[in-house]
Each structure stands twice: as structure tokens, then as C-alpha cells.
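Enquirer: What follows is a structure written as C-alpha cells; I'll ask about it next.
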């Protein structure tokens with residue numbers, strides 16, 4: 001082999017080696033950064049399911065598919081309805097931290113409501129951190145407005161009406177006027193761990209539509225009061241965002257190491273059933289979460305997953 005051919009081969013080999021090393025490094029970094037991702041179960045056709053579960057990497061498609069499997073949004077929203085979509089916007093966190101509802105899930109619900117004939121769709125939450133920052137950081141304000149929703153703040157006392165609860169322990173509490181007067185209430189929580197209630201799912205998310213001193217719940221009988229609220233405030237539709245779930249350090253989060261990607265959206269017309277199913281994402285049984293058990297004992301819904309009809313699909 002002459003010198004020119006040798007140099008040409010050496011250069012080509014060097015380029016190939018460098019390229020291979022580059023791809024190897026990228027693949028290694030990608031593997032290290034990857035989180036476990038739930039795989040969709042084979043499609044199971046179920047007539048009139050109690051719970052629908054959609055799994056894919058697209059939260060918009062998951063939301064649409066989950067609602068579709070329940071019978072479509074027209075089953076819950078009629079022409080001319082005023083609809084409230086209530087996400088978890090409680091914390092000044094970006095979506096990737098799983099402390100707030102995925103903005104794509106919220107936007108999809110707003111669009112579906114309008115497609116079903118809603119006159120107006122409102123999106124709000126009573127936040128724990130500064131509302132302006134929470135609405136912006138979560139991405140929900142921007143996504144909901146782009147989908148046509150009225151995004152509002154509800155801190156003022158005038159937004160609440162003293163309401164008879166008639167619970168086992170809780171008898172009266174101020175509730176959002178918008179929730180009480182809307183035609184369709186859609187509860188859209190994010191699934192996450194909670195330091196006080198173990199998990200925060202749809203029933204715990206109801207604390208974002210009440211006024212008054214919510215701190216009293218945490219020093220009182222938290223689980224009983226959550227169940228009592230659920231007996232009075234009943235959404236027509238529950239859509240649980242489990243695109244990413246917060247496994248610990250909830251409800252605020254703040255560390256990506258505490259987040260697991262599950263690419264899942266769960267929908268149900270019953271809040272007890274929805275929350276009971278979502279417990280499985282955390283390796284928990286619903287009967288070990290007191291407010292779910294209390295709500296079941298009050299006759300608000302079924303928590304035994306084996307007795308529920310569940311439809312799974314890839315979106």
C-alpha cells in the first residue's frame with residue numbers, strides 16, 4: 001500500500017471511530033437520563049367502562065383517547081354549558097417536576113369541551129404559592145388561554161359561597177361560586193405523593209375549590225374532611241394526569257429524581273374509582289388511603305379494582 005492510500009484509509013478510520021464514539025457517548029447519556037416508562041396494555045374493548053386508561057408519549061392524545069373510551073365529551077358536556085376544568089396549579093413549578101397538572105392535558109380538556117358545544121370553559125385553582133407565578137410556571141395559563149379558556153384567579157372572598165356539606169365530620173364550608181353554578185365540573189389533578197394525605201389525586205384536588213382557612217384541614221381530620229367534601233362536590237368527569245408522577249417530596253416537588261415518567265392518563269365519571277386505580281401507580285392499595293376508604297364507606301364509589309370495568313389503550 002502506498003503512502004497516499006494508507007493516509008486516506010487512516011483518516012477514514014479515524015472519522016468512523018470518532019463518529020462511533022460520539023454516538024456511544026450520546027446513547028450512554030440518554031440511557032442514564034431515561035426514566036422508567038409504562039407500556040400500554042393491549043387494547044381491551046370494554047362496554048361502558050368505569051375507568052379508561054390511555055398510555056402513550058403524547059399527553060394530548062392520551063387525554064382525548066381516555067375521554068373517548070368513556071363515551072366522548074358529549075356524554076358530559078351539552079350545548080351551551082358552562083364548564084369548569086380544575087387542574088392542580090398549586091405550586092410555582094415547571095411541568096417537568098410533576099407538582100402541577102400537565103398543561104397539554106388541561107388544553108386538551110378545554111378543546112374537547114368546546115368541541116362538545118360548551119359556551120364557556122373556565123380554568124382556575126386556589127394556589128398555595130403566588131398565583132401569578134404558579135399560573136405562569138406551570139404552563140397552564142398559556143395553554144388554557146390558547147385553547148380558548150377563561151383563566152381566572154379565585155383568592156377573593158367574593159368568589160366563595162358558604163355551603164352545607166353534611167359530611168360525617170365537616171358540616172359547612174365556603175365553596176367556589178363557579179363550581180357550584182357551572183353545568184359541568186371536570187376535575188383534572190396530577191397524580192403525586194403527599195406528605196399529609198399520602199397521595200393527592202382527584203378528591204384531594206377538591207381543596208383547590210374551597211375558601212376559608214384550608215390549614216384547618218391539615219391540623220384537623222384531613223382524610224375525613226376530604227371524603228366529606230367529595231360527598232358534596234361531585235365532578236361529572238375526572239381526568240387524572242399521570243404523564244409524570246411525583247413519587248416523593250410531595251406535594252411541592254422540586255427534584256427531577258423524584259419524578260417518574262408513566263405517560264398515562266386516567267379518566268372516570270367517578271372520583272373514588274379514578275383515585276383507587278391511580279393508587280396502583282404508586283404501588284399502594286386504595287384501602288390504605290384513608291380518604292379513599294372513607295369515601296367508599298360513604299357510598300360515593302367503588303374502590304375495589306376487581307369490581308370495576310377498565311379499558312386500556314395506546315393513544
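The values are calculated or read from the model by the stated rules, or taken from the named source; none is laboratory data. Just so it is clear, the structure is predicted and the values come from calculations on it, not from any experiment. Glycine gets a Cβ as well: all are built from the backbone with ideal geometry, and neighbour counts include every protein chain shown.
Enquirer: Please go through (1) touching a residue at least 60 places away in the same chain (Cβ under 8 Å); (2) part of a strand (DSSP E or B) for residue 250 and return the number of the only condition it doesn't satisfy.
Expert: Going through (1) touching a residue at least 60 places away in the same chain (Cβ under 8 Å); (2) part of a strand (DSSP E or B) one by one, residue 250 breaks only (2).
Enquirer: How many of the residues making up region 265-295 are part of a helix (DSSP H, G or I) and closer than 19 Å to residue 49 by Cβ?
Expert: Step one: list which residues in region 265-295 are part of a helix (DSSP H, G or I), which gives 271-282, 286-288, 290-295.
Checking the rest, the ones that are also closer than 19 Å to residue 49 by Cβ come to 271-281, 286.
Residues flagged as part of a helix (DSSP H, G or I) and closer than 19 Å to residue 49 by Cβ within region 265-295 amount to 12.
Enquirer: Looking only at region 188-203, how many residues end up being buried (at least 21 other Cβ atoms within 10 Å of the Cβ) and at pLDDT below 95?
Expert: Selection size over region 188-203: 1.
Enquirer: Answer yes or no: is there a residue in region 155-162 that is in contact (Cβ under 8 Å) with a residue 12 or more places away in the chain, under 29 Å from residue 254 (Cα atoms), in the same structural domain as residue 113 (by TED's automatic domain parsing) and buried (at least 16 other Cβ atoms within 10 Å of the Cβ).
Expert: There is no residue in region 155-162 that is in contact (Cβ under 8 Å) with a residue 12 or more places away in the chain, under 29 Å from residue 254 (Cα atoms), in the same structural domain as residue 113 (by TED's automatic domain parsing) and buried (at least 16 other Cβ atoms within 10 Å of the Cβ).
Enquirer: Being in a strand (DSSP E or B) and touching a helix residue (DSSP H, G or I) at 6+ places or on another chain (Cβ under 6 Å) is the filter here, so list the residues in region 189-198 that pass it. I'd like the intermediate steps shown before the answer.
Expert: So the first thing to find is which residues in region 189-198 are in a strand (DSSP E or B), and the list is 190-194, 198.
Scanning region 189-198 gives a single hit, 191.
Enquirer: Ok, one more. Listed residues 155, 150, 68; which is more than 16 Å from the chain's Cα centre (by Cα) and modelled with pLDDT under 95? Please lay out each step first, then the result.
Expert: On the way: 150 fails: modelled with pLDDT under 95; 68 fails: modelled with pLDDT under 95.
Result of the check over 155, 150, 68: 155.
Enquirer: In the list 293, 224, 214, 244, which residue meets the criterion of being in the same structural domain as residue 51 (by TED's automatic domain parsing), modelled with pLDDT under 95 and in contact with a helix residue (DSSP H, G or I) (Cβ under 9 Å, 6 or more places away or on another chain)? Full working, then the answer.
Expert: Working: 293 fails: modelled with pLDDT under 95; 224 fails: modelled with pLDDT under 95; 244 fails: modelled with pLDDT under 95.
Among 293, 224, 214, 244, only 214 is in the same structural domain as residue 51 (by TED's automatic domain parsing), modelled with pLDDT under 95 and in contact with a helix residue (DSSP H, G or I) (Cβ under 9 Å, 6 or more places away or on another chain).
Residues are listed down the side, and each one gets a yes or a no for (1) outside any helix (DSSP H, G or I); (2) in the same structural domain as residue 111 (by TED's automatic domain parsing); (3) buried (at least 18 other Cβ atoms within 10 Å of the Cβ):
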position	(1), (2), (3)
168	yes, yes, no
173	yes, yes, yes
186	yes, yes, yes
205	no, yes, yes
218	no, yes, no
230	no, yes, yes
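Enquirer: Separate question: Report every pair of residues separated by at least 6 positions or lying on different chains whose Cβ atoms are under 6 Å apart, first residue within region 63-77 and not assigned by TED's automatic domain parsing to the domain that holds residue 50 and outside any helix (DSSP H, G or I), second at pLDDT below 95 and crowded, with 23+ Cβ neighbours inside 10 Å.
Expert: none
Enquirer: If residue 224 satisfies every condition in (1) touching a residue at least 12 places away in the same chain (Cβ under 8 Å); (2) closer than 27 Å to residue 151 by Cβ but one, which is the exception?
Expert: Of (1) touching a residue at least 12 places away in the same chain (Cβ under 8 Å); (2) closer than 27 Å to residue 151 by Cβ, only one is false for residue 224: (2).
Enquirer: Failed condition for residue 231, given (1) within 19 Å of the chain's Cα centre (by Cα); (2) closer than 20 Å to residue 173 by Cβ, with all others met?
Expert: All conditions pass for residue 231, except number (1).
Enquirer: Where residues in region 60-74 are out of contact with any helix residue (DSSP H, G or I) (no Cβ under 8 Å at 6 or more places or on another chain) and under 17 Å from residue 310 (Cβ atoms), which of them is surrounded by the fewest Cβ atoms within 10 Å (Cβ to Cβ)?
Expert: For region 60-74, the residue satisfying everything is 71.
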